[in-house]
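Here is the structure we will look at.
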């Protein structure tokens with residue numbers, strides 16, 4: 001028996017015609033993309049809060065290593081200011097205060113070692129001496145350059161108590177360059193970068209010391 005329906009006469013299949021259509025495939029792709037986007041959006045909403053909380057916890061833990069808790073009675077993160085500097089650009093500065101008086105500041109500068117960027121957090125006392133230094137992140141060679149991490153070596157502790165005058169300008173180098181700071185065997189570039197970055201930080205503080213030690217809500221370049 002011959003099918004004489006319009007579909008058969010036109011050569012179109014009776015079943016599954018829509019499923020073979022490019023329009024159908026496009027519709028399915030669009031629905032899949034929409035569903036994926038909704039899932040990703042929901043996941044981001046669910047995880048953004050915990051991620052932000054963890055980032056704040058990590059920051060506070062790092063800050064506590066360069067500004068001891070007994071030096072302040074305020075919330076360091078809440079009392080963050082933005083410092084504008086011609087050399088370093090816009091720098092977030094965390095201000096430590098006790099009874100309304102500034103007892104220290106902390107900020108992060110970035111240097112460049114053998115394998116890339118090295119983010120250095122430093123705490124500075126009102127007299128310009130270092131309260132502490134920690135390396136927050138880097139991509140230096142494991143077993144060589146990673147000795148800048150406090151978890152791997154105490155090398156970074158040598159900065160505590162140092163200032164622009166302790167040592168003098170010529171001392172702010174690794175020993176290989178005529179300075180006082182140890183270098184690592186086979187990895188001189190890494191400690192050289194950290195020493196240079198810390199020295200930049202002390203210079204930044206010296207340029208804006210008066211403004212930073214004033215307990216105001218925002219600090220601008222002088």
For this session: Out of all DSSP beta bridges with both ends in region 67-212, state the antiparallel percent to the nearest 5.
Result: 95
For this session: Give the distance, in whole Å, between the Cα centre of region 100-129 and the Cα centre of region 157-214.
Result: 10
Problem set entry | Prolate/oblate/rounded label for region 83-206 (Cα gyration tensor, a/c 1.5) | prolate
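Given a Förster radius of 45 Å and the C-beta distance between residue 137 and residue 28 as r, what FRET efficiency does 1/(1 + (r/R0)^6) yield to the nearest 0.05? Show your work: numbers first, answer last.
Values: r = 43 Å, r/R0 = 0.96.
Efficiency for this residue pair is about 0.55.
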Problem set entry | Fully extended contour minus Cα-Cα distance, from residue 153 to residue 60, at 0.36 nm per residue | 31.3 nm
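Throughout, read-outs are computed from the coordinates displayed, never taken from laboratory work. Keep in mind that this is a model prediction, so the values were computed, not measured. All Cβ positions, glycine included, derive from the backbone under ideal geometry; neighbour counts span all protein chains shown.
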